[in-house]
1. Give me the residue from the range 594-628 that is touching a helix residue (DSSP H, G or I) at 6+ places or on another chain (Cβ under 7 Å) and assigned to a helix (DSSP H, G or I) and, out of that set, modelled with the lowest pLDDT.
2. Can you pull out the helices (runs of 4 or more DSSP H) entirely within the range 1-88 that have at least 3 residues that are under 27 Å from residue 215 (Cβ atoms) and at pLDDT 85 or above?
3. Answer yes or no: is there a residue in the range 824-840 that is part of a helix (DSSP H, G or I) and either out of contact with any helix residue (DSSP H, G or I) (no Cβ under 8 Å at 6 or more places or on another chain) or loosely packed, with under 14 Cβ neighbours inside 10 Å (or both).
4. Would you mind telling me which numbered condition in (1) modelled with pLDDT of 90 or more; (2) at negative phi; (3) buried (at least 21 other Cβ atoms within 10 Å of the Cβ); (4) touching a helix residue (DSSP H, G or I) at 6+ places or on another chain (Cβ under 6 Å) residue 561 fails?
5. Residues that are assigned by TED's automatic domain parsing to the domain that holds residue 238: find the strands (runs of 3 or more DSSP E) completely inside the range 151-195 holding 2 or more of those.
6. Condition first: out of contact with any strand residue (DSSP E or B) (no Cβ under 7 Å at 6 or more places or on another chain) and more than 25 Å from residue 376 (Cα to Cα). Now tell me which residues in the range 545-566 satisfy that.
7. Can you tell me which of (1) more than 24 Å from residue 571 (Cα to Cα); (2) in a loop (DSSP other than H, G, I, E, B) is the one residue 731 doesn't meet?
8. Please specify each residue of the range 683-704 satisfying the condition of being under 21 Å from residue 666 (Cα atoms) and in a helix (DSSP H, G or I).
């Protein structure tokens, strides 16, 4: 901090008294004065050792930059490539395979150990490049263009990079600017700021130089402008009191980054499955080795057999296929504008049971639009009262010459404004969103702002006065002056003495005022925001702007619901997923927008934020809990309440997805099972806390991603069942053969080859399935449901047993009926097992699908995998070098025919089992 070393006298540009402060009187905290909002501008200037009129010198700014560092938020530490690589080898299954490889090397089986290492490296490489791509994509999203800011240094205004701001700088503010540091306002002229990223309140806050109470909450500190907020109206200046992580937005960012998020459900499920496989493998290996030794087999040979069983029991392809399936889903989502920041979150989306969504910008278009005018005896546009009717360019009803009152209403709205429409699209617009909407309505009626100002040049503005809730502009109109007024409907109606009718102004009586207020209330209940419009002609430009007003009419505005939202909400309802709206709007407005969006069934249940503010999720009464869980809309919700709502729904057993864009949304985004941040308007803090970022800010994108998540989980379940049934058959083939005293029907290297070929490629093909058309017409699965339940384990046992019987049967027939040598009989067993496992993929069809046409047979990747595997199996038997390495001598035509016929038995019997029992696939 820059300390005050002597007595200074500072001239305050805001016109305050010159202050004299000694070092002994000053208490300074590192990086900023303490409670600057409660200090006068002069005191803040002294403590910062700056002059509001001249600003800092270039030299002082450089020294302070060295002391305080750049004005940047600390981003979450970039995940290094080494950390991403290490993460690929943290799976229990990987550790088990590594132990098997080590044992193989110790026993001298170099080929087998090397093959296992190849599997591990393949899995690690796929996972590494997939996660690296996801991490780097998110980092690219965070790299935004450098913001410039206008400062006064050495008495001159200049534009500098925002990261070069330091405490003590004087920042010049104008409408449209983004505030780039925490500022103590030193000058303000009708200065308003949108602080929704910090407070969640969408209404701009009027700023002033006057100090506020020391205990004022953030939203009431009108003497401050905070980093990350936006200036919507007016001009002003401010002294930088905090930069970077010392700002309010920086403090919240630090809290979010220090929080820990829980592992995703899929990660937990796969981890539990892996631990079960470890114990299963250990028990099988011990039993088999013990049984073999008791039967007199060689100890080393039995240890090798135990390693073979370990290799057979562990689905080597599981980590590879799970990673690739998730990656495929992530890339599909990215093409649909959903950036997944954590790979396992792809699947979690499919388990979502509740979506807590913001209104503005997610359900709505995030732009105010004029939907109609209420004038004497006529409603233009809002006849349907809140059903989303929007006035279009060229609308015949927007004829300023065909209706005197309507014409003046459009003109008054366009004249009484500080906003400006840019020529370069929405990015060039500046000003309050409602004022921009009024200007756009004038353009639709053929009245441009520039032409209106030529006809009615502005000579004076009376800034918005919070006490009377109106503003006015004074314009030349020939030899007279036109005063244009707009403000809160009640304020304008109460101030007006006349009403503009078809024949001109006529006095307003009490009954007429009540009628106007009733029309205003009815339109507001339909979800509209309203402004009153009034005017008067005077002989003097100095006349009282609010005396003798003529009420012209009321203008209805709203933020229209996106066209794709109602169909998306209908899709979510069909999928058994509840959508609940959170908004800062009043209850009536929120309910109207919710109805337009299609939320709820019949009557809506609306809860206002004050009813649950400060509630403890762990101590909530059962009555309140049930009321919260059944609500469709939460109105007037503060950002901190969102975290409470997430916790309540999670404690009720829901998997919660939540959208957000502001800084104060970040803790709730991180707490949610799926935090969804907005890519266009979302803050950096919210995006880094989220699991998914929407590039287009569209609610429909969430539903699309949710469908992909469901498909992915179904695919994962299918290939896990497939892998486990194949591996169970391998374990049973080896274990039973050893137990009953048969020769070894399979060698460890052959088992590993089968796992690499018949496991990975068909399983991967199953993982790439696009799902059936019914996936979003089924309720979400139980969040506590395991990847494999009792029915799936039963199916695995049945299919594994069928493949085992077919393989051992073919092996015994080759030894006895065909009288083949044991080594050739091993080839028959190998081929039978390999082909039976390939045909087993068709046993993975959905229970509701047909026998011939189903999601498996329609999957082109499955057919490609079968062709590839048949070729690799042919090479294994037909290529002498590979056949010798694997121990697969040629079995002859009869051996090949036996293997082919026997391999079809599990497919036929498996389909019969499915038809009889009705395999439940999810």
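1. Across the range 594-628, the extreme among qualifying residues is 609.
2. 41-48
3. No, because not a single residue in the range 824-840 is part of a helix (DSSP H, G or I) and either out of contact with any helix residue (DSSP H, G or I) (no Cβ under 8 Å at 6 or more places or on another chain) or loosely packed, with under 14 Cβ neighbours inside 10 Å (or both).
4. Among (1) modelled with pLDDT of 90 or more; (2) at negative phi; (3) buried (at least 21 other Cβ atoms within 10 Å of the Cβ); (4) touching a helix residue (DSSP H, G or I) at 6+ places or on another chain (Cβ under 6 Å), the lone unmet condition for residue 561 is (1).
5. In the range 151-195, 170-174, 182-194 are the strands (runs of 3 or more DSSP E) which contain 2 or more residues that are assigned by TED's automatic domain parsing to the domain that holds residue 238.
6. Answer for the range 545-566, where residues must be out of contact with any strand residue (DSSP E or B) (no Cβ under 7 Å at 6 or more places or on another chain) and more than 25 Å from residue 376 (Cα to Cα): 563, 564, 565, 566.
7. Answer for residue 731: the failing condition is (2).
8. If the condition is that a residue be under 21 Å from residue 666 (Cα atoms) and in a helix (DSSP H, G or I), then 684, 685, 686, 687, 688, 689, 699, 701, 702 are the ones that fit.
The values are calculated or read from the model by the stated rules, or taken from the named source; none is laboratory data. Small disclaimer: the values here were computed from a predicted structure and weren't measured. Glycine also receives a Cβ, built like all others from the backbone with ideal geometry; neighbour counts cover every protein chain displayed.
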